[in-house]
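Down below is the structure, laid out as structure tokens.
Each value in this text was obtained by applying a stated rule to the coordinates, not by laboratory testing. For clarity, every value in this text was computed on a predicted model and none was experimentally measured. Glycine gets a Cβ as well: all are built from the backbone with ideal geometry, and neighbour counts include every protein chain shown.
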Amino acid sequence: MEQNNASRPRRSLKACVALSWRTFALHPFDFFRALWPYLLLVGMAGSFLFEMALEYATTHALPALRLYGMDGQTELATFLLIPSLPLLAYMAVALIVWIFSLQALGARMIVLLSREDGSTDFHPVPLRFDRAHLRAMRRLWTINGVWSVAVLLLSALIVWGGVKGWTWLLGGLPLLFLYGWTTCNCTRMAYALCGLNFRQSFKFGLKRSLGIAVLLQAVTFLPLLLIACICWQPLAIHGATAWAAADTLLRGDVASMPAGLTLLYFASGSLGLMFTAFIGSLRTYALGLYCKERATGKEAAA
């Protein structure tokens with residue numbers, strides 16, 4: 001198998017994206033069965049995080065916003081912006097669980113990609129979280145942590161420069177986030193999937209990220225954005241409804257939202273986030289195929 005992979009010409013990015021979607025089209029149910037527990041965890045964790053953020057918005061941010069419009073109430077409004085200790089704890093737990101679920105899904109994708117052999121056949125992997133998943137998650141934590149710190153430091157420097165008078169630097173923030181995001185994706189694929197060391201992975205990410213930013217993100221992000229706009233409608237409706245109900249209570253009226261409606265919104269929001277993550281996993285699959293094709297030869301021997 002290694003000889004066949006070495007003898008055939010390397011696939012282009014377009015071919016990797018096409019192979020990713022072709023594999024999904026030929027094996028949609030196998031693809032979903034291999035990911036569904038991790039997708040469900042991502043959906044529920046994301047919906048729970050949204051609920052905590054909405055709770056803060058309706059019980060703290062909205063009353064503070066109304067008080068800011070009243071003379072002499074700025075101190076009380078500033079005090080209301082501080083979340084209560086139980087709510088802060090719930091928000092922290094929700095954020096940690098959501099980040100963990102994303103890392104677990106990423107590790108699952110790494111394990112699935114490691115079984116890819118260049119064909120459209122899908123090789124199922126047991127659903128249990130074994131040592132291969134744990135090893136992939138550790139490597140993903142390392143890369144994501146390093147890149148997050150680097151991007152935050154550079155962002156702080158750019159914002160500081162903008163405050164000092166170099167306002168043109170602020171225009172570079174979107175480009176920095178785009179470049180940092182795509183470079184991190186390439187780096188973690190080289191590090192977690194292809195087995196390169198940190199220096200080789202960093203070099204690979206810097207070398208390949210510009211092409212990924214122009215091609216892969218443009219080709220696959222727009223369909224994902226359209227799907228997200230459709231699947232996140234329950235969350236948007238829930239947020240607008242809860243905000244309007246809280247504003248109604250502040251004005252002295254009686255809210256008329258059914259008590260069980262929150263649970264319905266949570267379930268529908270979880271399914272929407274779950275489906276969005278499922279479609280997004282195809283982007284990860286295409287990127288993994290591309291990195292497996294390129295992280296060989298000179299780059300692996302560097």
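Apply the a/c threshold of 1.5 to the C-alpha gyration tensor of the range 29-120 and tell me whether it is rounded, prolate or oblate. Taking the square roots of the gyration eigenvalues as a ≥ b ≥ c, the range 29-120 is prolate.
Taking other Cβ atoms within 10 Å as a rough exposure proxy, Lys207, Lys164, Lys292 sort from fewest to most as Lys164, Lys207, Lys292. With the alpha-carbon atoms of the chain aligned to their principal axes, the span from lowest to highest coordinate is 75, 50, 33 Å, starting with the largest.
In whole angstrom, how far apart do the alpha carbon centroids of the range 76-96 and the range 122-173 sit? Value for the Cα centre distance between the two parts: 25 Å. Fully extending the segment from Arg66 to Trp181 would add 37.7 nm, taking 0.36 nm per residue of separation and subtracting the current Cα-Cα distance. Among Ile158, Ile96, Ile110, sorting on how many other beta-carbon atoms sit within 10 Å of each Cβ, with the fewest leading, yields Ile96, Ile158, Ile110. Rounded to the nearest 500, the 222 nm mean residue ellipticity of the chain from helices alone is -25000 deg cm²/dmol, with -39,500 (n - 2.57) taken per DSSP H run of at least 4 residues. Modelled this way, with points 7 Å down the Cα-to-C-beta line, the labels at Val163 and Leu85 are 3.1 nm from one another. Annotation for Arg199 and Ala15: the two label points, set 7 Å from Cα along the Cα-Cβ direction, are 3.2 nm apart. Under 30 Å between C-alpha atoms is the cut-off here; go through the chain and count lysine pairs that meet it, provided they're at least eight residues apart or on different chains. For the chain, qualifying lysine pairs total 8.
Please state the shape class of the range 123-237: rounded when a/c is under 1.5, otherwise prolate if a/b exceeds b/c and oblate if not, all from the C-alpha gyration tensor. In terms of gyration-tensor shape, oblate. Placing +1 on each Lys and Arg Cβ and -1 on each Asp and Glu Cβ, with no other charges, gives the chain a dipole about its Cα centre of roughly 1520 debye.
Pairwise inverse Cα distances across the range 96-144, averaged and inverted, put the Kirkwood hydrodynamic radius at 11.4 Å. With each label modelled as a point 7 angstrom along the Cα→C-beta vector, the Phe221-His123 pair spans 3.2 nm. When Val149, Val42 are arranged by Cβ crowding within 10 Å, least crowded first, meaning fewest neighbours, the order is Val149, Val42.
Sparse packing (at most 14 other Cβ atoms within 10 Å of the Cβ) combined with a DSSP loop state is found for the following chymotrypsin sites (Phe, Trp or Tyr not before Pro) in the range 131-193: Trp166.
Derived from the Cα gyration tensor, the three semi-axes of the equivalent ellipsoid of the range 144-201 are 29, 10, 7 Å, largest first.
The Cβ shell under 13 Å around Thr183 holds other residues with a net charge of +4, Lys and Arg each +1, Asp and Glu each -1.
Please grab the % of Cα pairs in the range 42-201 that end up more than 25 Å from each other. So the pairs more than 25 Å apart make up 56 percent of the total in the range 42-201. Under a 10 Å cutoff between Cα atoms, tell me which one of Arg139, Arg66, Arg22 has the largest fluctuation in the Gaussian network model of the chain. Per the Cα network of the chain with a 10 Å cutoff, Arg66 tops the list.
Between Ser209, Ser47, Ser119, find the one with the highest GNM mean-square fluctuation for the chain; connect C-alpha pairs within less than 10 Å. In this elastic network of the chain, the residue with the biggest mean-square fluctuation among Ser209, Ser47, Ser119 is Ser119.
Farthest toward the positive end of the dipole of the chain, out of Leu88, Gly280, Cys16, is the Cα of Cys16, where the dipole comes from beta carbon charges about the Cα centre.
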